[in-house]
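Structure record follows, encoded as structure tokens.
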Amino acid sequence: MEKSASKYFTLEKKYRNHFLSKTNISETDSLFVYDYAKNKLASFAIKNLKAAAWINGYSSEEDWPYRRYDYMIGFEISKQNLNGFGDYYSNVIVYAGKENPFAKGPLKPIVWKKIARKEYPSKPMKAEDITALKNTIPGNTYSYTTESHQYFLQDYLDSHKIIYTRRLLIADSKTKEIIIDKVYTQSEGTSPAPLNGENGDESFDQYTGKLFKNKPEVVFGFQYESFGCPAISIIDKSNEDIYLQCDNRH
């Protein structure tokens, strides 16, 4: 295959079948594409979609002939079939399977309100979280309330007064019982995401609400991942995190 043609091409049947087999996707499945910020859902029959290989953004013509690792492989969807979706599809989740898992809530961006530190619930920290907060000092404290839950967020600053860690508590709005207790810490591969509105009125990272039909409400968007993939946290005592499958190569 010539250099120009090898940048993007449709998979032949043999390689399409191999791709489907390795990803546990069937020709009888559908692809559900959901923009949770716009509350837009599109679905496509897998059998009607082309499977294609595309050179990833970190490769260039100087890398030719390309290795298999240099490619991203997926399904080809025309932009015209995603009308109403966000421009860069940054708030889109995709699922391949028999039935649509998305509840079409829609999710809501969290609108944080600064509160006094004394309003933050008193709950003992886990030992590993105490270790993570060593040499930090408390910063701003925030809250957000919905009909079902109360959200509390505490910043912790390093010696340079930069946010190093955030602790999230989520309580049942009626019983006040703490359901979620999570700590998001700066590391080589992670960093705290800006709070909604910090980078402009339309800049949102934290969302909450009913995302999946057969699961409780969710919350996510507190941490950027440099190497891994982000997680969606289920708001119940299971403390389940659903990790997305992503291509986060560098």
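Return the sequence-ordered ³J(HN,Hα) values of region 191-196 in whole Hz as given by the Karplus equation 6.51 cos²θ - 1.76 cosθ + 1.60 applied to θ = phi - 60°, using x for Gly and Pro.
8, x, 6, x, 6, 3
Modelled label-to-label distance, Tyr95 and Cys246, 7 Å Cα→beta-carbon offset: nm?
So the two model labels end up 1.9 nm from each other.
Once the Cβ-Cβ distance between Leu82 and Lys14 is put in as r, and R0 is 51 Å, what FRET efficiency do you end up with, to the nearest 0.05? Let's see the in-between values first.
Values: r = 29 Å, r/R0 = 0.57.
Rounded to the nearest 0.05, the efficiency is 0.95.
To the nearest 500 deg cm²/dmol, what mean residue ellipticity at 222 nm is calculated for the chain from DSSP H runs of n ≥ 4 alone, each contributing -39,500 (n - 2.57), summed and divided by the residues?
On the way: 2 runs with 17 residues, N = 250.
That calculation yields -2000 deg cm²/dmol at 222 nm.
What FRET efficiency, computed as 1/(1 + (r/R0)^6) with R0 = 51 Å and r the Cβ-Cβ distance, is obtained for Glu147 and Tyr69, rounded to the nearest 0.05?
Working: r = 48 Å, r/R0 = 0.93.
Once the sixth-power term is evaluated, E becomes 0.60.
Calculate the FRET efficiency for Ser159 and Asn239 from the Cβ-Cβ distance with a Förster distance of 30 Å, rounded to the nearest 0.05. Before the final figure, lay out each step's value.
Numbers: r = 31 Å, r/R0 = 1.03.
Rounded to the nearest 0.05, the efficiency is 0.45.
Suppose the chain between Ser173 and Ser60 were pulled fully straight at 0.36 nm per residue; how much longer would it get relative to their current alpha carbon spacing? Could the numbers behind the result be given before it?
Working: separation 113, 0.36 × 113 = 40.68 nm, distance 5.24 nm.
Computed gain between Ser173 and Ser60 is 35.4 nm.
With each label point set 7 Å from Cα along the Cα-Cβ vector, what nm distance links Glu202 and Lys113?
Distance between the two pseudo-spin positions: 2.7 nm.
Mind putting together the pair-distance distribution for region 33-181? All Cα pairs, 5 Å bins, whole percent per bin, short to long.
Calculated over all Cα pairs of region 33-181, the distribution is 2, 7, 11, 12, 11, 10, 11, 12, 12, 8, 3, 1, 0 percent.
From Cα pairs below 8 angstrom and at least 6 apart in sequence, can you work out the relative contact order of region 1-48, rounded to a whole percent?
On the way: 31 pairs, mean separation 13.0, N = 48.
Computed value for region 1-48: 27 percent relative contact order.
Rank the residues Phe102, Phe212 as a footprinting-exposure proxy: fewest other Cβ atoms within 10 Å of their Cβ go first. Mind showing how you got there, number by number?
Details: Phe102 20, Phe212 17.
Least crowded to most crowded, the residues run Phe212, Phe102.
Stokes-Einstein at 4 °C, 1.567 mPa s, Kirkwood radius from Cα pairs: D for region 20-96 in µm² s⁻¹? If you can, show how the numbers build up before the last one.
Values: Rh = 14.2 Å.
Result for D is 92 µm²/s.
With Cα extents along the principal axes in Å defined as stated, name the option among (i) 65, 40, 34; (ii) 53, 50, 31; (iii) 45, 45, 36 computed from the structure displayed.
From the options (i) 65, 40, 34; (ii) 53, 50, 31; (iii) 45, 45, 36, the structure gives (i).
Choose one answer from Lys50, Lys38, Lys22: the residue with the largest mean-square fluctuation in a GNM of the chain with alpha-carbon springs under 10 Å.
Maximum among the listed residues: Lys22.
So what's Rg/Rh here for region 108-243, counting alpha carbon atoms and using the Kirkwood radius for Rh? Walk me through the numbers on the way to the answer.
Working: Rg = 14.4 Å, Rh = 15.4 Å.
Result: Rg/Rh = 0.93.
Bear in mind that the values in this text are calculations on the coordinates, not laboratory data. Small disclaimer: the values here were computed from a predicted structure and weren't measured. Ideal geometry is used to build each Cβ from the backbone, glycine not excepted, and the neighbour counts take in all protein chains shown.
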